[in-house]
Amino acid sequence: MNAAPALLGYAALVGVTAPRVLLRSAWPHRAPALGVTVWLALTVTFVLALALAAAQLATPTEHLHAGLAGLLHACGVGPGPADPDPGTAERLAVALPVAVLGTWAGAVVHRCVRAGVHRARHRDRLDKVGVRCPRLRVTVLPHAAPGAYCLPGLRARVVVSDSAVRLLSPRQLDAVVEHERAHVAGRHHLPLAAAEGFAGLFPRLPLARHVRAQVALLLEMSADDRALRRHPDAVLATAMYELAASRTPKGAFGVAGPDGPSPAVVRMKRILGPRPAAHPALRSSLASAVLTAPLLPLLVACPPGV
């Protein structure tokens with residue numbers, strides 16, 4: 001039995017229906033870090049389903065077990081196939097899934113490298129015009145507009161404009177800096193690069209259209225939560241309001257958040273309103289789903305007992 005139709009149907013379910021369910025759910029805002037993981041797990045299982053479907057379309061009469069054996073042999077693992085001279089179909093069954101997975105991985109690496117180049121250039125400019133503030137452990141940048149952002153990755157920096165230092169109270173400034181340090185400590189640039197790489201490959205897919213914006217928003221909420229552990233809700237919310245119009249350089253995270261004012265409004269409502277924690281049972285079930293999601297395409301292609 002050829003599993004390509006089932007795999008393509010599974011990919012359609014993940015790429016079209018799953019994002020709608022997530023967008024209507026309230027729990028990602030209660031557990032933003034777990035929400036990021038679920039969104040990225042959907043991208044992984046979608047790509048794996050496409051890769052396995054490509055292998056099945058290349059050899060429609062061959063069971064997936066044989067295709068996987070050929071793929072492992074091509075990688076130098078395991079015994080070779082019974083036919084020492086594979087034909088065009090067998091070669092395609094190996095080349096197509098490798099091309100799908102390689103294109104996806106290349107897109108993510110490209111996003112990481114490009115963002116890293118932007119951050120490196122900006123750090124060089126900061127070294128020339130910025131002033132180190134030992135008390136806050138940040139770089140103060142002369143600028144007329146109040147703003148704050150971080151440059152994650154190698155030689156991470158937290159940057160605050162001198163106008164923001166004058167505008168914000170000491171408690172507000174500490175809350176903003178704590179928010180930016182959460183981005184650096186959590187290496188938030190890596191999941192964002194993964195989301196951007198996937199979104200660039202499948203621009204018309206609903207999952208791709210939503211994953212970047214949702215991952216960026218949830219990462220901001222995760223950084224908010226860390227700042228709120230040490231600072232009152234009103235302090236962070238008022239600081240965000242004061243910096244709402246600030247602009248963020250490429251490759252950086254800004255306290256005002258991504259893509260205009262709407263995400264900032266959502267975050268401020270979350271900060272100032274009740275924030276019930278996600279139920280432990282929900283967390284456990286979602287964590288289990290994240291771990292098993294990459295295996296589901298294999299189960300679709302190779303159901304037990306076949």
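For the stretch 123-133, what are the residues that are part of a helix (DSSP H, G or I) and under 13 Å from Val158 (Cβ atoms)?
Selection gives Arg123, Leu126.
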Evaluation of Glu196 against (1) more than 17 Å from Pro32 (Cβ to Cβ); (2) more than 13 Å from the chain's Cα centre (by Cα); (3) among the charged types (D, E, K, R); (4) surrounded by 18 or more Cβ atoms within 10 Å (Cβ to Cβ) (one fails), failing number: (2)
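Specify which of the listed residues (Val176, Val160) is closer than 23 Å to Pro28 by Cα and more than 21 Å from the chain's Cα centre (by Cα).
Result: Val176 is the single residue among Val176, Val160 that is closer than 23 Å to Pro28 by Cα and more than 21 Å from the chain's Cα centre (by Cα).
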Answer residue from the stretch 264-285, given it is basic (Lys, Arg) and within 19 Å of Glu242 (Cα to Cα) and is surrounded by the most Cβ atoms within 10 Å (Cβ to Cβ) among those: Arg267
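Kindly establish whether Ala105 is surrounded by fewer than 19 Cβ atoms within 10 Å (Cβ to Cβ), free of Cβ contacts under 8 Å to residues at least 40 places away in the same chain, in a helix (DSSP H, G or I) and within 19 Å of the chain's Cα centre (by Cα).
Values: surrounded by fewer than 19 Cβ atoms within 10 Å (Cβ to Cβ): yes; free of Cβ contacts under 8 Å to residues at least 40 places away in the same chain: yes; in a helix (DSSP H, G or I): yes; within 19 Å of the chain's Cα centre (by Cα): yes.
Judged against the criteria, Ala105 is a match.
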Residue match in the stretch 97-118 (condition: basic (Lys, Arg) and closer than 30 Å to Ile271 by Cα): no
Selection count where residues are surrounded by fewer than 19 Cβ atoms within 10 Å (Cβ to Cβ) and in a helix (DSSP H, G or I), scope the stretch 19-29: 7
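Given the criteria assigned to a helix (DSSP H, G or I), aliphatic (A, V, I, L, M) and in contact with a Phe, Trp or Tyr (Cβ under 9 Å, 6 or more places away or on another chain), does Val184 qualify?
Numbers: assigned to a helix (DSSP H, G or I): yes; aliphatic (A, V, I, L, M): yes; in contact with a Phe, Trp or Tyr (Cβ under 9 Å, 6 or more places away or on another chain): yes.
Answer is yes for this residue.
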Boolean, Leu154 is modelled with pLDDT under 90, hydrophobic (A, V, I, L, M, F, W, C) and surrounded by 14 or more Cβ atoms within 10 Å (Cβ to Cβ): no
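The values are calculated or read from the model by the stated rules, or taken from the named source; none is laboratory data. Owing to the predicted nature of the structure, the values given are computational and were not obtained by experimental measurement. FYI the Cβ positions are ideal-geometry reconstructions off the backbone, even for glycines, and counts take in every protein chain you see.
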